[in-house]
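Step one of this worksheet: look at the structure below.
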Amino acid sequence: MTIKTNTERITFHDAIATMEVDFANMTFADAAQVDTMYDEIESRLTETGRRWFFLVIYTDCVIAPEAWDRFAERGKNANINHGLGSVRVGATAQTRDAIRQSAGQESFRSNIYDSRDQALLALGEMRKRKRDMQAATEEAFLRVENVSLSFGGVKAITGVSFDIKRGEISSIIGPNGAGKSSMLNVINGVYHPQEGAITFLGNVRRQMNPRAAATQGIARTFQNIALFKGMSVLDNIMTGRNLKMKANLLQQAFWLGPAQREELEHRVKVEEIIDFLEIQHIRKTPVGRLPYGLQKRVDLARALAMEPQLLLLDEPMAGMNVEEKQDMCRFILDVNDQFGTTVLLIEHDMGVVMDLSDFVVVLDHGEKIAEGTADEVRSDPVVISAYLGASH
Amino acid sequence: MFYRENGQFKTTYKSDQQVFAIPQDRWAILAIIAFAFLGIPLLVDEYIFRAILIPFLILSLAALGVNILVGYCGQITLGAGAFMAVGAYAAYNFLIRVSGMPALGAILLGGLTAAAVGIVFGIPSLRVRGLYLAVATLAAQFFCDWAFLRVKWFTNDSSSGSVSVADISLMGWTINSATDKYLFCLGILVVFSLMAKNLVRSAIGRQWMAIRDMDVAATVIGIRPMYAKLSAFAVSSFYVGVAGGLWGFVHLGSWEPAAFSIDRSFQLLFMVIIGGMGSIAGSFFGAAFIVILPIFLNQMLPLIGGLFGLEVSIALVAHVEIMVFGALIIFFLIVEPHGIARLWSTGREKLRLWPFPH
Amino acid sequence: MSFFLETLLGGLMSGMLYSLVALGFVLIYKASGVFNFAQGAMVLFAALSMARFSEWIPEWLGMDNLLMANLLAIVVSVVVMFAVAWLIERLVLRHLVNQEGATLLMATLGIGYFLDGLGQTVFGSDIYKIDVGMPKEPVMMLESVFEGGILINKEDFVAALISAMLVLALTIFFQKTSTGRALRAVADDHQAAQSIGIPLGRIWVIVWCVAGITALVAGIIWGSKLGVQFSLQTVALRALPVVILGGLTSVPGAIIGGLIIGVGEKLSEVFLGPYVGGGIEIWFAYMLALMFLLFRPQGLFGEKIIYRD
Ligand SMILES: Nc1ncnc2c1ncn2[C@@H]1O[C@H](COP(=O)(O)OP(=O)(O)OP(=O)(O)O)[C@@H](O)[C@H]1O
Ligand SMILES: [Mg+2]
């Protein structure tokens, strides 16, 4: 029987927002052992920067009476700081009693099941309840509050607020220099606004670095394609998996098991995206040699490789011909449909905006001048005059 | 006709991810390595070993290191010689101060020391690039030049920083003949090249290249510039440091700080530019070119001069040599920034399609 | 006290030469965004040209008027440096427009190597002397102020004077002439300058010519003081920290930076050197530059642009 390391005992299932912890066959003899395990768990959780459901496997796990108090305390803390709810599998009679007992004390449900499948089923129920509850209280998926940004004397954004709902496709429109790209840069942490706050998935923040935004599940493409010119299409998309790759330098240098396995796993994922965006034939081509339209598609592929919750697209269709635009529209709709990804895009082509968007925000000179459905916005006199003013 | 890859389809991603995805390439490389280990020792005389092959192997290793930093991660360095010096002197100190330290162990520890120093001098890269970074690496160069000349502790109190290492051995194998030295260096180079290849084709390599090509986009997908850059400095300096250790222990035997002067740093940079930035093979091409060119000019110039009845002095050959280097640097930067490696692969592609050019 | 002052003055003198070389760096950088690593090679090349032509011309013309020979040699050297500038623009820079800073930097390294080789092939590689009739005898000064006074070379004074005049001339050239103004326009914005019809290529040739002249002046001063030899070429590396300190885009920065580094080197060598084994001149300057890079990358006087190639 192989003994798992603490690290291997923790698995994140992104798709169901669940962290699985496998305590099977473990023995916690004292508080120190509990701490080592929980320190690992906490640090991994903190790294993700979001909340998770917990699926805990207790099969043949022994918790000594001396360790129990610490175990209960650490478990509770993990739940308070990072948890959305827990289900447990296969606790021994003794552990079960202890859990039930502390459940009674702390007034939480013990949720203990006999098999992993049962637990997963219950977890599904729990996720649904949670989602419904969230929808009911209408906590915004992304909330931009009173954001102002200036560069020296130039005011790029002034007091802009709006909400984006989970699962929708929203657009930001506005004349050139309105501050649209700057807004995206604020949302994913490239620019730091002087005022205001961004709330994403319940985490409020004023400033953050782009990496933190990426860890929380925000991906983006760029107005002026920002691909890695010296690398092939495949490698460009593989960089999108960067945050999910954990092998260390030595493992990579010697191409050891974990590094090799990881490379293969992610390659499979990347190939799915390549198929999805229909760019199989250029897989090995250096991106610098591709025509503009395809480069835009690779840019999207790299963002998708991050499996984002929120996808920011800065003029994904600029400079494309009608056919390419249609393809791109189809891809955006498919991403939204199939993966449930929330999309926020900037676009100048009003036709495209009409077709795609559930919700539109209009900026002009750094201020929000209108928001609403595409139709509402289009007939708004303020918007019309802003556009007419800009074209003169 | 034998060089064909058409019709070979990769059936799995795994086979696609091998170091050399095309079987012909794989066999060719294996054949070259086998020949280098088995054939060359039978064919070559002492002079060729000492004047060409051993320097070539060691400088290839150093160029590999410089290429990781300059070619893959896009960070310029004019101080590679300093990291060779750190590698060499650190290895020397490990050897004489730690009793029972094997030579190979000392050389590797020397490399690790160089990596640590590399990280320190790489810190400015987090704030500046281009020329400014070049200045930081020059600072490393001049500081090390001075330290190994003046700080007696590093050189075990020898005068003017000159130290020497007696014949070294590896698990009972005494490395003293030219052939032994050649094989020792070759073994290390093969392992290190494979490691470099692995690094640049895995996540860390992609991080380096991403930082090189477009750093804003890299941070947006979650790459930490600090980790990417400093790891490149560390790995690069490790390679260069090990090369320094070999240069001192194996090639020179006894050396002074001048062996790792700023000229060495420029030489290594030139190898990478001429050989091909961002290419493992390019490092070998560059090293070979720079080792062979002076020897070639030494032989050829007097002959050419003789045709015109001119006396060609040694000094003149030296001057022509640096002129040629200068001109070649400019030529490659303008005409083929990917160096000989690119010329080689273009040539090979032509061969691959031959006899149907389109 | 007098020892301290002598050291200080010695530092100022070598600092002035650094300033001259740094000035060459700044001029070219401002106008073309190129950091010219070949400036040291240009100094060597100019000095070699000066030394050899002042030797050859009297032979060829069979005269022995030192002043005349020197004047002719200067004229010929200026022409040579102009030719070098023109060739550099034609053969190298023109083909590397819009390349990254690092690429241009490496290209100038190549130019430097080429010039080093060419100079020594054409002019020879021994130690030559330049004799432009600089007064050599030392003079005693400030004897009335304190005991012993201080000992100074007249030569250094003359050199300082010449450098000051060069800086003045350059300032006038940049501020008052139309070419000078065009140069500054290019420095501010390449594309804009091009769009209003300033021919970039010609501007670059002019800047490199001016840099060539500063190289010649530096070469003559340094060469007449220490003799013309290969090591002159390392002056570029010694003057590099100067521009980091002063700011790559600032002419006053180059001058003041040069003086600071010159004095700092001498003082640190004399007062700090003995404790650490001496020879710390070069890395001291670089460490100073490194500190600036980390805490004030734009230098003392440079424009506040942090991320620049
Ligand atoms: N990094 C920056 N430094 C200085 N000013 C900036 C910067 N980024 C944006 N700006 C300024 O902020 C304002 C808004 O620019 P932004 O790029 O957000 O406009 P936009 O709506 O995306 O326009 P476009 O439709 O042309 O893409 C402009 O005046 C621009 O000059
Ligand atoms: Mg924009």
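Summary table
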| quantity | calculated |
| --- | --- |
| In Hz, Karplus ³J(HN,Hα) per residue of region A:336-348 (6.51, -1.76, 1.60; θ = phi - 60°; x = Gly, Pro) | 4, 5, 6, 9, x, 6, 7, 10, 10, 10, 10, 8, 8 |
| Kirkwood Rh and Cα Rg combined as Rg over Rh, evaluated for chain B | 0.98 |
| Threshold 50 Å², region A:244-267 residues less accessible with all protein chains present than alone (1.4 Å probe) | A:LEU249, A:GLN252, A:ALA253, A:TRP255, A:GLU263, A:LEU264, A:ARG267 |
| Simple Cβ-charge dipole of the protein assembly as shown, Lys/Arg +1 and Asp/Glu -1, about Cα centre, in debye nearest 20 | 600 |
| ³J(HN,Hα) computed for each position of region B:275-284 - Karplus, 6.51 cos²θ - 1.76 cosθ + 1.60, integer Hz, glycine/proline x | x, x, 6, x, 8, 5, 4, x, 4, 5 |
| For region C:152-256, convex hull volume per residue from C-alpha positions, Å³ | 117 |
| Computed over region A:163-388, Kirkwood Rh from alpha-carbon pairs, angstrom | 18.5 |
| Relative frequency of Cα-Cα separations exceeding 18 Å in region A:178-297, percent | 63 |
| Share, in percent, of DSSP beta bridges within the protein assembly as shown that are antiparallel, nearest 5 | 55 |
| For B:GLY130, residues with placed amide H under 5 Å, excluding near neighbours | B:ILE76 |
| Surface/4 estimate of mean projected area, convex hull on alpha-carbon atoms of region B:126-188, nm² | 7.5 |
| Interface burial for A against B (accessible surface, 1.4 Å probe, total of both chains, Å², rounded to 100) | 3000 |
| Per-residue HN-Hα couplings for region A:199-208 [Karplus 6.51, -1.76, 1.60; θ = phi - 60°; Hz; x = Gly/Pro] | 10, 10, 6, x, 9, 8, 7, 9, 10, 7 |
| Cα pair distances of region B:139-224 binned at 5 Å [whole percent] | 3, 11, 11, 9, 8, 15, 16, 11, 9, 6, 1 |
| Dipole-positive endmost among B:GLY222, B:GLY122, B:GLN141 within region B:45-275 (Cβ charges, Cα centre) | B:GLY222 |
| The protein assembly as shown - accessible surface per residue (Å², probe 1.4 Å) | 44 |
| Ranked by how many other beta carbons lie within 10 Å on average, peptides B:76-87, C:114-125 from highest | B:76-87, C:114-125 |
| Amide H contacts of A:LEU345 (H built 1.01 Å from N, under 5 Å, at least 5 apart or other chain) | A:SER170, A:SER171, A:ILE172, A:LEU313 |
| Cα point-scatterer Debye curve for region A:273-392, base-10 log of I(q)/I(0) at q = 0.15, 0.21 Å⁻¹ | -0.75, -1.22 |
| Förster radius 25 Å - calculated FRET efficiency between A:ASP349 and A:GLU271 (Cβ-Cβ, nearest 0.05) | 0.20 |
| Theoretical ellipticity at 222 nm over chain A - DSSP helices of four or more residues, -39500 (n - 2.57) apiece, nearest 500 | -14000 deg cm²/dmol |
| Sites C:ALA83 and A:ASN224 - FRET efficiency at Förster radius 30 Å, r taken between beta-carbons, to 0.05 | 0.15 |
| Dimensions in Å of region B:229-347 - Rg and Dmax from alpha carbons | 16.6, 55 |
| Kirkwood Rh, angstrom, the protein assembly as shown [1 / mean 1/r, Cα pairs] | 33.1 |
| Rg [Å, one decimal], Dmax [Å, integer] - region A:6-62, C-alpha atoms | 11.6, 35 |
| Long-range HN-HN contacts of A:GLU367 with modeled amide H, under 5 Å | A:THR158 |
| For chain A, alpha-carbon Rg and Dmax in angstrom | 24.0, 79 |
| At 1.002 mPa s and 20 °C, Stokes diffusion of region A:7-136 via Kirkwood alpha-carbon radius, µm² per second | 144 |
| By accessible area with a 1.4 Å probe, ligands and nucleic acids excluded, highest first: order of C:MET42, B:MET101 | B:MET101, C:MET42 |
| Portion, in percent, of the accessible area of the protein assembly as shown that falls on carbon or sulfur, probe 1.4 Å | 61 |
| Considering only region A:7-136, percent of DSSP beta bridges that pair antiparallel, nearest 5 | 20 |
| Values of log10 I(q)/I(0), in the order q = 0.12, 0.13 Å⁻¹, for region C:2-239 under a Debye, Cα-only, solvent-free model | -0.72, -0.82 |
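The values are calculated or read from the model by the stated rules, or taken from the named source; none is laboratory data. None of these values were measured; they are calculated from a predicted model. Cβ atoms come from the backbone with ideal geometry, glycine included; neighbour counts cover every protein chain shown. When the accessible area is computed, the model is the full protein with side chains, heavy atoms only, and any ligands, DNA or RNA have been set aside. Shrake-Rupley method; radii C 1.70, N 1.55, O 1.52, S 1.80 Å.
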